[in-house]
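Data block below; observations after.
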Amino acid sequence: MKELHAIYPELYGTGYSEKEMDERFEALLSRHCELFGTRDAEIFSASGRTEIAGNHTDHNLGKVIGASINLDTIGAVTKRDDSKVIIASEGFPVCEVDISDLEPKEGERNTTEALIRGIARGFSDKGIEVGGWQANTTTRVLKGSGLSSSAAIEVLTAEIFNSLYNGDRLDPIELAKMGRYAENAYFGKPSGLLDQACCAHGGVIAIDFKDNDNPAVTPLDVDFNDFPYSMIITDTRGSHANLTPEYAAIPPEMRLIAAHYGKENLREVDFGTFLSDFGRLRSEIGNDRALLRAYHFFTENRRVDKMAQCLSNGEFDEFLLYVEDSGNSSFKYLQNVYPSSDPQEQGLSLALAYSDEILAGDGASRVHGGGFAGTIQAYVPEEMEEEYIRRMESVFGAGCSTRIAIRKRPVSRIL
C-alpha cells in the first residue's frame, strides 16, 4: 500500500488515518482475489460531491458552485476477455451486464445494470472502444445524504472504460456527460449534470449551465484549509419516501414563469422584466409559489457569481454571509426545506434552527442538495467542531454529522 501514500492527500486531505486507509485498500484487493481469483488489479477512485451554491438552479440553465469531497467509492478492476461487465458492490447483489447488447431494457430501469449499459452505449455512440471488465467496490459516500453516491458510481464506471480501453482519452466533464446520458436514457431519471460534474472533476468548480450540452466549467483556486472553519454535513435521517412529487414540482414551476415569456427556461428571462411584471404575473398565472421559486432562481444565480468571487479572493467572512443568504432564499422562496404535503415533518428546519443556536452567529448553515428531507451543510469554527457534532448528534443520533474535506483529484485510476 506504500504506493498509495503519496496519493492519499489528493484524495482525503489531511484528516485521515494512513493505517486505516491502507487496511481499506488491502481489504479491497483481498476481496477481488476472493471473487475473481487475482490480486493483480488496478484501483480506481471517484468521489462524492457537495453543493456549495446554486440550490436548484441547474435544471433551468443556471449557475452553481460544487466540489468533490474526501468521501469516495473505490474499485479494484481487472480486464476480461469477453464482453461482460461484472460489478460486486459491497452490500449489494453482484450485477452482470453483457455489453455486446447495448439496447435499453425496460426491466433494467432504475438499476445499476441500466447505468452500465447506458454508459457503454454512450462510449459506443461516440466511436470510443468499450470492453469487458470485472470489479468489486466499496464506498464511504453516505447514501441518501445529497452527496451523490449514485453519480460517484456512474463516473467511476465511465472512467474504468476510459482508462482500460482508451488511455484516458475523455476528460472528466465528458465522463460526467456519459453518466448523465445513462441516467436519462437508460436509468429513467431526468437529471442534470451537476452531480456527475462535481464527482468527476476534482476540486471546487463553478459551472454555468447556459449551454446545457456544453456547460462552462471554471475551477476556483481556493483551499478551504486556509480558513479556520470546518464544513460539516448533518443527516437529519428523514425519509425520502413519497417526496418525488415535491422535487419534481420545482423545475416546471420555474418553467411556468419562463413560458409566460415564450421561453423554455428561466435563464432566458430578464430579471428586471420579471420584477416589473410581478403583479401582472401573479394575476395571470395564479401560482404564488412559482413566482417565489423564480425569484429564488434569479437571486441565487447572482449569488453564485458573488460567492465564486469571494472564494477566489479569499474573502471567507463575506462568503459566509452569502451562504446564509442562500439558505434563507431556499427556505423562504424556493421552499424546499420541508414538504408542503407533510408540514409536521421538519427535520431540516429543526437542524437549521439548532445549528444557528450552536453557532451563535459565527459560521453559517444552509439546506444541502435537493432538500425536503436529508442534510444541512454548516461552516463551523474549527475550535467548535467537536461541540457542534456532539450537540447535533444529541438531536439526530450518533454519526449524523460528518466533517467534509475538499478532494483535489478527479475521478481516476490511482494504482
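The values are calculated or read from the model by the stated rules, or taken from the named source; none is laboratory data. Keep in mind it's a predicted model, so treat the numbers as computed, not measured. Positions of Cβ are backbone-derived with ideal geometry, glycine not excepted, and every protein chain shown enters the neighbour counts.
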Of the conditions (1) polar (S, T, N, Q); (2) out of contact with any Ser or Thr (no Cβ under 6 Å at 6 or more places or on another chain); (3) under 23 Å from Phe372 (Cα atoms), the single one that Ser45 does not satisfy is (3)
Ser239 passes all but one of the listed conditions (1) in a strand (DSSP E or B); (2) within 30 Å of Met392 (Cα to Cα); (3) polar (S, T, N, Q); the exception is number (1)
Subset of segment 151-194, residues crowded, with 24+ Cβ neighbours inside 10 Å and of a type in the set (Gly, Ala, Ser), comes to Ala151, Ala152, Ala158, Ala176, Gly179, Ala182
Going through segment 292-301 in order, the residues found to be more than 21 Å from the chain's Cα centre (by Cα) and under 11 Å from Phe271 (Cα atoms) are Ala294, Tyr295, Phe298, Thr299
Test result for Gly75, surrounded by 23 or more Cβ atoms within 10 Å (Cβ to Cβ), modelled with pLDDT of 95 or more and closer than 30 Å to Asn328 by Cα
no
Filtering segment 33-60 down to residues that are surrounded by 24 or more Cβ atoms within 10 Å (Cβ to Cβ), on the phi < 0 side of the Ramachandran plot and not in a strand (DSSP E or B) yields Asn55, Thr57, Asp58, Asn60
Counting only residues in segment 32-50 that are of a type in the set (D, E, K, R) and either modelled with pLDDT under 95 or more than 28 Å from the chain's Cα centre (by Cα) (or both), the one nearest to Leu71 (Cα to Cα) is identified as Arg49
